Amino acid sequence: MSYPRFHEPNHYRPSGPDYQLLPFRFTDLDGDALLVNEAGQHLVLPREVFQGLVSHRLSPDSPSYLDLKANHFLIDSSSEVPLRLLATKYRTRKSFLSGFTGLHIFVVTLRCDHSCHYCQVSRVSQNRAKYDMTEDTAERALDLTFRSPSRALKVEFQGGEPLLNFDLIKFVVLGAERRAAASGREVQFVVATNLAFLDDPMLEFLRDHHVLVSTSMDGPAFIHNANRPRPGNDSHQMTVRGIARVREIVGPDRVSAIMTTSRLSLDHPEAIVDEYVRLGFDHIFLRPISPYGFAVRTRHRTGYEVQRFLDFYRRALTHVIEINRGGQFLVEDYASILLTKILTPFPTGYVDLQSPAGAGIGVAVYDYDGDVYVSDEGRMLAQMGDKSFRLGNVHSDRYEELFGSSHLRKLVTESVVESMPGCSECAFQSYCGCDPLENHATQGSTVGHRPTSEFHIRNVEIIKHLIRLYHGPDVFAPKLFWSWVQGRPLQDILPELPAH
Amino acid sequence: MPSPKADPPTAPSGIDLRSQSEAALELIIDTSLYTDAVIFKASYWFTDRCYLLLERQDSNHVLVRLTPRDLSIPLSAIAGEFCNELINRRVQQLVSDETRMIRELIVAQAFAESGLTDVPVQPDSVDTGTSQGS
């Protein structure tokens, strides 16, 4: 019996240049070239090495050659095309698409006792009947929530101040639990509250039904109370007391906090970070002010230029790193999200940094009156009179009409960074995303204009800053960043640190 | 994105610094070196600082007129940055052209395999051959 004879594998390799480039994008990083490939892996190269690479003059003896080869920026005659590996990483980065809408926000009331300068929504202090969500509306919103194909749903309660309509929160939680049990799905609950109206029965319900608590903490009392006025000017005191009560009754790890950067905050990054440490938090999320709702109307008091926020952010992050160096574990959440995208292929679940954008396909908002929006920002714009991002109403529209509408399809199509002007060749495409609502609110179109986009400037500069720190002279920074990404205690990585 | 550091406006090969008044700058670009797509992509990143007009001169040349929005911005800096940006965009185009087929294969394979329902934990680095890679 004879067998066909084949040549050795090298016989089938194409002839030509010694190496072949694999897909990547690049940008300038302080005179060096920063390269990011299709799977999101990055390398920093001296400019002359980069020029040698792209002109096919790079010697295999160059110290950078093996790095480029190992990280899939080139292949040569001794390597295999890592097509499946790159495809797997690419698919992993896009795996968030499979769940469709996972986050469902219920605006249970517009009533609120606070009158925050930067608040993104209108608030009312009276007329319970007019501004509270009804059980009928909540029931219909729950039906829509459980039409989503997502296996892991998150229901978040927003306001106004949602605790002012706690009976409806209970109604939704119990209804969602029943539906989840019947359909074999997971459902997680979060209530976003200023904690001022917490009482023991509420705390016991939150504990018994595993409801996470998210509150606002803007820093020391003089900043927090200035940002978040309420009768008695005691918001900070009420929040601190509420945090303690949640930890005591619901659980020590059941409350988290987010901060919003006002104009007043800009001069006090260290004090804000220190306040989080003093209050026992191991996470802080440094957020810029959103260009929506009440924040726009009070812009003269709250607004600032993106460069001022970047200065604030860099100072605050430096302080966070120093606190960790001293042995106190503290994560800056925005950096952690970006670093997860920079250092791993895994999706973060953060809908503001994905392509296509998460509006409508990652998150849906059911307003107190049953109107459905693609995001909380869409609801805020509606309150300013712009209903561009209203999908319909739970009482009049079916699931297919709301989430399969041409309106939503257009929004998704226009938020794919791989095809957006200024983004399609951006080195940071794998790490960033787009916010069509912010583009619409600040630039007049969902596609937007990248050279003047604060979203673009802010993210590019923060990503560059993180990459500089990762490759910089401080060897502590990359170790800390990996501990954030892996969710491992710092002591596991740096055992010599004092334990806290 | 344009580098913040500006080089002096020495016109590189393929670019002719035709005129420089106090208010505007005109460059003649050789389209055999810089395609229309490259010229437009470079121009886009100057729309925050300049008003731009692109005008075809003949089959091989395009005129780019840059008028700064803010007259305090020196034209020489803008000229230097624009020339560098043309080169950046041209190199990106070269890399993109050279790797287009592999990129399309990666994306096609990513979405073809197992739909979108599985998030693999241990990627498989199995050889798939080099016929598409070189």
- Message: Take residue A:87 and tell me if it is free of Cβ contacts under 8 Å to residues at least 40 places away in the same chain, assigned to a helix (DSSP H, G or I) and within 12 Å of chain B (Cβ to nearest Cβ).
- Response: yes
- From the options A:79, A:62, residue that is among the hydroxyl-bearing types (Ser, Thr, Tyr) and either more than 9 Å from chain B (Cβ to nearest Cβ) or closer than 30 Å to residue A:378 by Cα (or both): A:62
- Here are some residues: A:72, A:56. Which one is more than 9 Å from every other protein chain (Cβ to nearest Cβ), closer than 18 Å to residue B:96 by Cβ and surrounded by fewer than 18 Cβ atoms within 10 Å (Cβ to Cβ)? A:56
- Item | Residue ranges of helices (runs of 4 or more DSSP H) in the range A:398-500 with at least 1 members within 20 Å of residue A:307 (Cβ to Cβ) | A:436-443, A:454-471
- Message: Out of the residues in the range A:307-353 meeting the condition of being among the acidic types (Asp, Glu) and touching a residue at least 12 places away in the same chain (Cβ under 8 Å), tell me which one is farthest from the other protein chains (Cβ to nearest Cβ).
- Response: A:332
- Task: Pick out the one residue from B:104, B:81 that is open to solvent by 60 Å² or more (accessible area, probe 1.4 Å), of a type outside the set (Ser, Thr, Tyr) and either closer than 21 Å to residue A:54 by Cβ or modelled with pLDDT of 85 or more (or both).
- Result: B:104
- Would you mention how many residues in the range A:16-53 are more than 11 Å from chain B (Cβ to nearest Cβ) and in contact with a Pro (Cβ under 8 Å, 6 or more places away or on another chain)? 2
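Listed here are the residues, each with its yes/no results for (1) open to solvent by less than 10 Å² (accessible area, probe 1.4 Å); (2) touching a Phe, Trp or Tyr at 6+ places or on another chain (Cβ under 7 Å).
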position: A:440; (1), (2): no, no
position: A:446; (1), (2): no, no
position: A:454; (1), (2): no, no
position: A:463; (1), (2): yes, yes
position: A:469; (1), (2): no, no
position: A:472; (1), (2): no, no
position: A:476; (1), (2): no, no
position: A:483; (1), (2): yes, no
position: A:492; (1), (2): no, no
- Note on the structure: Matching residues in the range A:320-344 (open to solvent by less than 30 Å² (accessible area, probe 1.4 Å) and more than 23 Å from residue A:71 (Cβ to Cβ)) number 9
- Item | Failed condition for residue A:347, given (1) under 29 Å from residue A:413 (Cβ atoms); (2) crowded, with 21+ Cβ neighbours inside 10 Å | (2)
- Only one of A:246, A:250, A:213 that is surrounded by 19 or more Cβ atoms within 10 Å (Cβ to Cβ) and out of contact with any strand residue (DSSP E or B) (no Cβ under 6 Å at 6 or more places or on another chain): A:250
- Query: For the subset of the range B:60-72 comprising residues that are more than 14 Å from chain A (Cβ to nearest Cβ) and not in a strand (DSSP E or B), which member is surrounded by the most Cβ atoms within 10 Å (Cβ to Cβ)?
  - Reply: B:60
- Item | Scan of the range A:215-257 for residues that are in contact with a helix residue (DSSP H, G or I) (Cβ under 8 Å, 6 or more places away or on another chain) and of a type in the set (Val, Ile, Thr), ordered by number | A:215, A:223, A:239, A:246, A:249, A:250, A:255
- Which one of B:44, B:34 is closer than 26 Å to residue A:452 by Cα and either among the small types (Gly, Ala, Ser) or within 13 Å of chain A (Cβ to nearest Cβ) (or both)? B:44
- Message: Please count how many residues of the range A:23-71 are more than 27 Å from residue A:94 (Cβ to Cβ) and part of a helix (DSSP H, G or I).
- Response: 12
- With respect to residue A:184, is the statement that it is open to solvent by less than 10 Å² (accessible area, probe 1.4 Å) and out of contact with any strand residue (DSSP E or B) (no Cβ under 7 Å at 6 or more places or on another chain) true? no
- Query: Here is a list of conditions, (1) open to solvent by 50 Å² or more (accessible area, probe 1.4 Å); (2) within 24 Å of residue A:50 (Cβ to Cβ); (3) touching a strand residue (DSSP E or B) at 6+ places or on another chain (Cβ under 8 Å); (4) touching a residue at least 24 places away in the same chain (Cβ under 8 Å), and residue B:57 meets all of them except one; can you say which number that is?
  - Reply: (2)
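Rundown of residues vs (1) in contact with a helix residue (DSSP H, G or I) (Cβ under 7 Å, 6 or more places away or on another chain); (2) open to solvent by 20 Å² or more (accessible area, probe 1.4 Å); (3) under 21 Å from residue A:422 (Cβ atoms), yes/no style:
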| position | (1), (2), (3) |
| --- | --- |
| B:29 | yes, no, yes |
| B:34 | yes, no, yes |
| B:41 | yes, yes, yes |
| B:47 | yes, yes, yes |
| B:74 | no, yes, no |
| B:85 | yes, no, yes |
- Query: Which one is modelled with the lowest pLDDT among residues in the range A:75-86 that are within 19 Å of residue B:95 (Cα to Cα) and under 32 Å from the mean Cα position of the chain (by Cα)?
  - Reply: A:82
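The values are calculated or read from the model by the stated rules, or taken from the named source; none is laboratory data. Just so it is clear, the model here is predicted, and its values are computed rather than measured. Cβ: placed from backbone, ideal geometry, glycine included. Neighbour counts: every protein chain shown. The accessibility values were calculated without ligands, DNA or RNA, using every heavy atom of the protein model including side chains. Shrake-Rupley method; radii C 1.70, N 1.55, O 1.52, S 1.80 Å.
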